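Visitor: Okay, handing you the structure first.
The values are calculated or read from the model by the stated rules, or taken from the named source; none is laboratory data. Since this is a predicted model, take the numbers as computed values, not measurements. So basically every Cβ, Gly included, is an ideal-geometry build from the backbone, and we count neighbours across all protein chains shown. When the accessible area is computed, the model is the full protein with side chains, heavy atoms only, and any ligands, DNA or RNA have been set aside. Shrake-Rupley method; radii C 1.70, N 1.55, O 1.52, S 1.80 Å.
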Amino acid sequence: MQVDNLSWFPGHMTKTLRMSTAEIKNMDAGGEMLDARIPLSSRNPDVDELTAGKPRLVVLNRVDQADPDGTKRWAAHFRSLGYAVLECDAKNGQGTARFAGAVRELLANKLRAYAERGMTGRVVRVMILGIPNVGKYTFINK
């Protein structure tokens, strides 16, 4: 039996991707949430295309459960790709307070340009993206 039009991509994921594609244009940066225990496996390849041209912050979540040496190597790897990196444990709140500072550092040039144009206090928008169950909502709620 041959099935020609089989799609594994669920409808809610298609809807979310479509909405994210429309909204990313209004964002100053993209934040990609990864599980620090399995950073490569917890990546969504669509995020690269979605955030193309935007500064990116990689958030390695659940560092309390990950190998510290492995986390350091992964953080260095993502930094070598030009991404800012934040290590945290969203469930316990460890590292979440550094988010604003990491975003300010990531967007330093843009914020300086805003200040030069008298746009101080402008809201900075960062879209947090990631596969299900990496801790996006726990992170945001902290």
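Visitor: Ignoring ligands, DNA and RNA, what percent of the 1.4 Å accessible area of the chain is carbon and sulfur?
Guide: 52
Visitor: Nearest 20 debye, what's the magnitude of the dipole of the stretch 21-120 about its Cα centre given +1 on Lys and Arg Cβ and -1 on Asp and Glu Cβ?
Guide: 300
Visitor: Determine the per residue accessible area of the chain with all protein chains present and a 1.4 angstrom probe, expressed in square angstrom.
Guide: Working: 9070 Å² over 142 residues.
Accessible area per residue: 64 Å².
Visitor: Could you point to the residue in 77, 52, 100 farthest towards the positive end of the chain's charge dipole, with +1 and -1 charges on the Cβ of Lys/Arg and Asp/Glu respectively?
Guide: Of the candidates, 100 comes out farthest on the positive side.
Visitor: Enumerate lysine pairs in the chain that are 8 or more residues apart or on different chains, then count those whose Cα atoms are under 22 Å apart.
Guide: Taking the Cα cut-off of 22 Å, the pair count is 12.
Visitor: If you take the C-alpha gyration tensor of the chain, multiply each eigenvalue by 5 and take the square root, what semi-axes do you get, largest first, in whole Å?
Guide: Working: eigenvalues 147, 94, 37 Å².
Three semi-axes, in Å: 27, 22, 14.
Visitor: Related question: Can you give me the convex hull volume of the Cα atoms of the stretch 41-113, divided per residue and expressed in Å³?
Guide: For the stretch 41-113, the hull spanned by Cα atoms encloses 100 Å³ per residue.
Visitor: Further, regarding this structure: Could you go through the stretch 122-127 in sequence order and give the Karplus-derived ³J(HN,Hα) for each residue, using 6.51 cos²θ - 1.76 cosθ + 1.60 with θ = phi - 60°, rounded to whole Hz, and x for Gly and Pro?
Guide: These are the phi-based 3J(HN,Hα) values: 5, 5, 9, 10, 10, 8 Hz.
Visitor: Please report how far the C-alpha centroid of the stretch 79-97 lies from that of the stretch 18-48, rounded to the nearest whole angstrom.
Guide: First find each Cα centre; the distance between them is then 14 Å.
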